[in-house]
1. Report, in degrees rounded to the nearest 10, the 0 to 90 angle that the Cα long axis of helix A:196-215 makes with the longest principal axis of chain A.
2. Under the 0.36 nm per residue contour assumption, what length would be gained going from the current alpha-carbon distance of A:Arg242 and A:Ile137 to full extension?
3. Going by alpha carbons, how many degrees (0 to 90, nearest 10) lie between the helix axis of A:237-259 and the longest principal axis of chain A?
4. Taking every DSSP beta bridge with both residues inside the protein assembly as shown, roughly what % is antiparallel (nearest 5)?
5. For region B:84-229, give me the percentage of DSSP beta bridges that are antiparallel, rounded to the nearest 5 percent.
6. So for the pair B:Ala102, A:Val113, with labels modelled 7 Å out along Cα→Cβ, what separation do we get in nm?
7. Using the Cα centre of chain B as origin and beta-carbon charges of +1 (Lys, Arg) and -1 (Asp, Glu), tell me which of B:Ala270, B:Pro135, B:Ala154 is placed farthest towards the positive end of the dipole.
8. What nm distance separates the two modelled labels at A:Trp17 and A:Leu330, each placed 7 Å from Cα along Cα→Cβ?
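Read-outs: derived from the displayed coordinates by stated rules, not from any lab. All values reported here derive from a predicted model rather than from experimental measurement. Note: ideal-geometry Cβ built from the backbone for every residue, glycine included; neighbour counts use all protein chains shown.
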Amino acid sequence: MRISARGTYLTPARLAWMTAALAAVLGLSLVGAALLGPVHVSLARALAGGDASPDRVILFRTRLPRVLLASVVGGSLGASGAALQGLLGNPLACPHVLGISGGAAVAGVVALVAGADAVSPLVPLAAFCGALASIAIVSGAARARGRTTPHAVLLVGVVFNALAAAVLMLVNALVSYTQAQGVLFWMMGSLSTQSYGLIAGSAVYSVVGLGWLVLHAHDLNLLTAGEEGAQQLGVDVERTRRSVFVASSLLVGAAVSMSGMIGFVGLIVPHLLRLILGPDHRLLLPASFLGGAAFLVWADTIARTVLAPAELPVGVVTALAGGPFFIFLLRRSLRRSVA
Amino acid sequence: MSRHALVLALLVAGCGGAPTPPPAGPPARVVSLAPSATEIVYALGAGARLVGVCGQCDRPAEVAQVPRVGGYLAPSVEATLAVRPDLVIAVPSPGNREAVRAIERAGVRVLVVRDRTLGDLWDSIPALAGALGIPEAGDGLVTDLRQRLDGVRARLAGVTPRRVLVVVDHNPLVVVGGGTLQDELITIAGGTNVVRDVGSAWPTITLELVVARAPEVIVDAGMGDEGSARGLFAGLTTVPAVRDGRIVRLRDDAFFRAGPRVADAAVALADAIHPGVLAPEGASREAPPG
């Protein structure tokens with residue numbers, strides 16, 4: 001199936017202008033979200049006070065790292081979702097459906113149960129390897145005679161994801177109550193405060209992944225229009241697929257390893273932006289990164305504040321806020337395309 | 001009588017009537033489906049009557065000999081009925097509800113006791129003792145436990161309560177909230193739970209709330225290793241517990257069970273919150289095996 005929307009011709013000026021606008025939105029979101037939280041913080045006291053000021057500790061040691069993490073995770077999920085939807089030509093493609101996040105979660109949980117500490121960097125590292133391994137397994141299983149069929153990738157991915165979920169449930173049934181809490185974390189997804197070092201590490205992975213994807217944006221555009229046509233225009237279809245898979249799993253690995261399986265961002269944000277900005281991947285990929293980042297930053301802000309001082313799982317917010325809004329936009333565009 | 005009618009009659013007889021006559025006297029074959037209840041049965045001196053326990057029932061040590069009849073929250077109806085119990089003890093939980101109902105339908109007497117708070121314990125001990133036909137043992141156990149808890153309170157009477165946060169999981173950060181046995185134990189052990197008002201029994205909280213509530217002691221009752229809680233809270237220099245190095249491990253399953261070891265849990269917790277106050281001559285922090 002073809003994903004179509006308002007086709008606006010993408011000029012370099014429009015690309016620069018839109019990217020800058022979204023970057024500004026993200027920047028403002030980061031500042032705004034850092035100022036909101038369950039505890040009231042005075043910015044003046046935070047900036048003036050030394051390390052003895054609770055305001056400063058809250059702002060710079062607990063809230064800002066979490067807001068930054070939300071942006072890295074949201075951006076990674078958004079960009080990888082956009083790339084996978086384009087690559088597989090299927091509107092349902094997203095990191096979760098393809099089993100990449102499931103594989104990452106399984107690896108993380110196995111590391112956890114094997115005795116790695118919940119807050120040690122070993123667990124994200126294992127999850128990251130799990131993401132890479134899953135995409136290798138899924139795309140490998142969907143390959144025959146050197147060709148990868150998109151719908152086979154989707155089917156294998158769906159099955160692999162169900163398999164991963166079953167493994168998570170199995171582990172959940174076998175481990176003790178306290179360890180089961182850790183398994184639940186991977187299944188539900190949650191953002192917590194991490195060290196700046198770990199956040200910077202995952203940011204490096206996601207920026208590399210995004211850059212890699214953007215380099216293939218033009219080929220992705222041609223692929224979306226049709227595989228045969230793309231081949232005739234000189235696109236090495238198999239190589240492009242492999243590159244996009246690896247880049248996407250870099251992004252998903254960076255996201256899931258830090259936050260578990262946060263749903264809806266990778267599915268909704270790219271669609272939303274495609275409806276607004278058009279299907280050109282040169283704009284859509286960076287826009288999905290910036291938009292996904294801003295979306296998750298705000299979803300997490302709601303999760304932190306709405307039940308304050310207790311916290312809500314962020315996946316609840318992404319689904320509750322994203323779902324209806326997405327259906328509204330989709331209906332609007334359906335009406336327009338029918339009229 | 002036609003064959004169909006005979007089969008029907010047999011079926012009706014098999015389903016409706018009690019398969020075995022109700023035993024006279026106190027139950028002799030007891031199954032416990034909760035670790036807390038198992039411990040209470042042993043403390044009442046009726047451990048020898050247990051013919052089945054749940055997979056998580058690990059105290060006291062003798063219980064290792066008793067057959068398992070499934071998980072704490074997922075008991076096996078068949079395994080339970082197979083040991084022919086005349087009393088099954090369970091705690092209320094959505095996980096075991098269907099299984100417990102099925103056991104009841106099979107004609108076995110079921111006693112459901114709550115195990116969330118100290119109040120539940122004061123109710124469940126007499127209820128269990130009564131059902132086992134040894135009410136005076138129940139009264140004795142309640143009196144003994146109440147006296148030991150009062151003893152802990154009395155010895156901490158002159159001590160200023162410390163502001164305490166008890167962590168049960170690190171990622172996400174899950175802590176002990178109000179309305180729980182653990183919250184009551186914090187109070188008995190000379191602490192004030194800084195997140196008692198947060199709204200649920202086991203709330204997930206943000207790290208910034210830890211900064212805002214500024215606990216003087218952080219008790220880490222989670223699974224992670226020694227360094228993990230220290231790493232999690234390391235940057236929070238304004239929190240007194242972090243500043244003064246009062247992040248204490250508490251590895252004691254008694255803390256999570258409304259059973260006969262609550263007094264031991266209170267002592268262990270008091271040692272964590274006010275080190276050295278309770279027992280200057282070095283009483284052990286380890287919970288006794290029984």
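1. Its long axis makes an angle of about 10 degrees.
2. Numbers: separation 105, 0.36 × 105 = 37.80 nm, distance 1.24 nm.
Taking A:Arg242 through A:Ile137 to full extension adds about 36.6 nm, to one decimal.
3. Its long axis makes an angle of about 10 degrees.
4. Working: 7 of 27 bridges.
Antiparallel bridges: around 25 percent, rounded to the nearest 5.
5. On the way: 3 of 13 bridges.
Once the DSSP bridges in region B:84-229 are tallied, antiparallel ones form about 25 percent.
6. Modelled inter-label distance: 2.4 nm.
7. Going by the charge dipole, the pick is B:Pro135.
8. Roughly 3.1 nm, to one decimal.
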